[in-house]
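The structure under discussion appears below in the form of structure tokens.
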Amino acid sequence: MQPKINARLLKDICGQDLQKALMQVKQAVRGIVGDRFRLFLFGPRARGTADKDSDVDLLVVLPDDLASFSVREAIRDAVYELSIKTDYLFSVILVSESVMRQNRGFLFFKAVEEEGIEM
């Protein structure tokens, strides 16, 4: 998957508070799995069409050896805590690299590929 939007565009579509919250999410995931993950913002926030009540759609792609239930649950819990602390409703989807590869042609993964912003 090749994200086509760079960090400068992220700055243009997301306010400073959301950028800070997204960096907190990235740090939280890093604290659980190290640097072995990919994080994408997608949906209305990535397209720049979100309103003030829109959730923040995130996709976390984990290496197969780190995609256990306990790791995914720890990430969900950390992101949930950040939703409470930051006043942003994060909707996080977690998949393994192999699931991502096997399902590239499906609508969801195509949408992330086309509009997603890799953090």
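Quick rundown of the values:
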| item | result |
| --- | --- |
| Cβ pairs under 9 Å, 6+ apart, first in the range 25-52 and free of Cβ contacts under 8 Å to residues at least 60 places away in the same chain, second buried (at least 17 other Cβ atoms within 10 Å of the Cβ) and of a type in the set (D, E, K, R) | 44/57; 45/57 |
| Strands (runs of 3 or more DSSP E) within the range 31-119 that include 3 or more residues modelled with pLDDT of 90 or more, in contact with a Gly (Cβ under 7 Å, 6 or more places away or on another chain) and under 24 Å from residue 14 (Cβ atoms) | 38-42 |
| Qualifying residue in the range 2-11 (condition: modelled with pLDDT of 90 or more, surrounded by 12 or more Cβ atoms within 10 Å (Cβ to Cβ) and not in a helix (DSSP H, G or I)) | no |
| Identity of the residue in the range 66-86, hydroxyl-bearing (Ser, Thr, Tyr) and out of contact with any helix residue (DSSP H, G or I) (no Cβ under 7 Å at 6 or more places or on another chain), that ends up surrounded by the most Cβ atoms within 10 Å (Cβ to Cβ) | 83 |
| Boolean, residue 88 is closer than 15 Å to residue 26 by Cα and in contact with an Asp or Glu (Cβ under 9 Å, 6 or more places away or on another chain) | yes |
| Subset of the range 94-109 (residues that are surrounded by 14 or more Cβ atoms within 10 Å (Cβ to Cβ) and of a type outside the set (Asp, Glu)) | 94, 95, 96, 99, 100, 109 |
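The values are calculated or read from the model by the stated rules, or taken from the named source; none is laboratory data. Small disclaimer: the values here were computed from a predicted structure and weren't measured. No Cβ is skipped: glycine too gets one built from the backbone with ideal geometry, and neighbour counts run over all protein chains shown.
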